[in-house]
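Presented below is the structure to which this report refers.
Readers should treat all values here as calculations from the given coordinates under stated rules, not as data from a laboratory. No experiment lies behind these values; they were computed from the predicted model shown. We place every Cβ from the backbone using ideal geometry, glycine too, and count neighbours over all the protein chains shown.
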Amino acid sequence: MIAYENLLKKTRVYETLKKDVDSKNLSHCIMLVSEDEIACKNLCKLLARMLLCEKDDCGMCKSCKDVENGVHEAVIVPQALNADGLKDFIATSYKVVDSKVKILLIDNFQDIALKEQNRLLKLIEEPVGNTIFIIGVTHLAAVLETIKSRATKYSIAPFEENDLRRALLDYYDSYNVDKALKFADGSLTKAINMMDNISFIDSYTFVQNTLNDLDNSAYLLDIIAKCGLKNKRTFNDKKELLLKYLSAFEIVIKQVIEYKSGLVKETEDIIKQIETKYNMATLVNVEDLVLKAVENTQNNCDPDGVFYQLLMDILEVRFKCQIS
């Protein structure tokens with residue numbers, strides 16, 4: 001069974017594709033578009049299975065099992081997305097297969113350089129025999145206009161929270177699922193990444209406590225000592241940890257703003273405590289400070305310095321906004 005298959009089968013995209021397949025009205029080039037990478041990749045495989053199934057996308061026949069296991073001869077995928085990998089992919093795409101349809105599948109098309117995308121253009125424009133191109137894209141801007149114009153695009157909408165919860169509970173415990181769903185914005189990928197990240201809950205709790213305790217500069221050294229950046233040996237380890245904290249900052253600030261503005265009626269006690277200490281102007285400015293810190297971190301500024309400066313800037317903007 002394809003992971004999260006039941007969740008994906010409930011999407012409008014799947015239902016539309018199923019109708020198009022049944023009516024034999026499917027385009028020769030399908031582009032599935034979503035920032036939700038896991039949903040996008042799995043839906044690409046689900047479509048391939050649907051097209052090759054001996055029955056009605058049963059998930060039980062040999063064809064379905066071969067697609068799921070990545071061994072179906074009629075599903076051709078590139079071994080690499082560089083020049084050599086795509087050259088081999090194009091050559092393999094011309095092979096004859098004993099199947100009702102041949103599928104050329106690239107579920108991470110946005111990772112292909114524009115120069116190499118051009119090499120695929122002729123293949124998309126002039127498909128060989130009964131060939132269907134299935135493309136998964138998480139960043140549509142990274143795809144050539146000439147390719148986008150030749151594909152039929154289907155956008156995958158964010159999942160309903162209850163549907164997402166039911167699907168995730170098959171793989172994760174309810175405590176982590178409920179935590180992750182608060183910040184997933186209907187994205188399967190975001191939710192899974194949070195739960196697979198062992199330190200996510202720790203980072204989230206640390207940031208909550210930091211915002212709650214950051215009353216004046218006397219607390220700075222204590223917070224910095226607890227953050228663990230100085231315990232990391234390499235620059236990349238420090239950078240990775242800081243980015244986790246900054247992601248948690250974004251989440252917590254969003255929670256506080258939603259509670260303060262009345263969009264959310266119930267929340268954790270610590271969020272309520274933070275809300276009483278920060279007015280809306282401060283929270284909006286802190287959001288900008290966190291984004292600036294993310295940019296500086298990604299540009300390889302010193303993580304210790306970025307974190308210290310962020311805390312100082314939060315104190316400063318809090319003071320200015322509270323007295324204005």
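Considering only Leu315, Pro127, Leu32, and ranking their Cα positions along the charge dipole of the chain that arises from unit charges at the beta-carbon of Lys, Arg, Asp and Glu, the one farthest toward the positive end is Pro127. Relative to its Kirkwood radius, the Cα radius of gyration of the stretch 197-323 gives an Rg/Rh of 0.95. If the cut-off is 18 Å between C-alpha atoms, which lysines fall inside it for Lys179, apart from same-chain ones fewer than 8 positions away? The reachable lysines, counting only those whose Cα sits under 18 Å from Lys179, are Lys190, Lys244, Lys254, Lys265, Lys272. Eigenvalues of the alpha-carbon gyration tensor of the chain, scaled by 5 and square-rooted, set the equivalent ellipsoid semi-axes at 46, 22, 17 angstrom, largest first.
Measuring r between the beta carbons of Asp20 and Asn216 and using R0 = 56 Å, the FRET efficiency lands at 0.35. Relative to the Cα centre, the charge distribution of the chain, modelled as +1 at Lys and Arg Cβ and -1 at Asp and Glu Cβ, gives a dipole magnitude of about 620 debye. Within the stretch 227-261, the trypsin sites (Lys or Arg not before Pro) that combine a DSSP coil assignment with at most 12 other C-beta atoms in a 10 angstrom radius are Arg233. The slack in the chain from Leu121 to Ala157, taken as 0.36 nm per residue of separation less the alpha-carbon distance, amounts to 10.2 nm.
Quick one: in the stretch 15-81, what % of C-alpha pairs are over 15 Å apart? The share of Cα pairs beyond 15 Å in the stretch 15-81 comes to 56 percent. Based on alpha carbons, the Rg and Dmax found for the stretch 143-183 are 16.4, 46 Å.
Label sites at Glu258 and Asp56, each approximated as a point 7 angstrom past Cα along Cα to Cβ, lie 3.9 nm apart.
Between His28 and Lys265, full extension at 0.36 nm per residue minus the direct alpha carbon distance yields a gain of 80.5 nm. A DSSP coil position with no more than 15 other Cβ atoms inside 10 Å describes the following trypsin sites (Lys or Arg not before Pro) in the stretch 1-45: Lys10, Lys24. Please report the base-10 log of the normalised intensity I(q)/I(0) for the stretch 5-157, using a Debye sum with one equal scatterer per alpha carbon and no solvent, at each q in 0.08, 0.11, 0.13, 0.18 (1/Å). Cα-only, vacuum Debye calculation for the stretch 5-157: -0.20, -0.38, -0.54, -1.10.
Loop-resident GluC sites (Glu not before Pro) (DSSP state other than H, G, I, E or B) in the stretch 133-196 with no more than 13 further Cβ atoms inside 10 Å of their Cβ: Glu160. The Cα atoms of the stretch 168-229 cover 45, 19, 17 Å along the three principal axes, with the biggest extent listed first. Ordering Cys301, Ile76, Ser261 by Cα displacement along the dipole of the chain toward the positive end leaves Ile76 in first place; charges were set at the Cβ atoms of Lys, Arg (+1) and Asp, Glu (-1). Taking the stretch 153-187 and a reference point 7 angstrom along Cα→Cβ of Asn6, the backbone N atoms nearer than 11 Å belong to 166-171.
About its Cα centre, the dipole of the stretch 16-116 is roughly 360 debye, where the only charges are +1 on Lys and Arg Cβ and -1 on Asp and Glu Cβ.
Among Tyr171, Leu211, Ala142, which residue has its Cα positioned farthest towards the positive end of the charge dipole of the stretch 129-233, with +1 placed on the Cβ of Lys and Arg, -1 on the Cβ of Asp and Glu, and the dipole taken about the Cα centre? Positive-end residue among those listed: Ala142.
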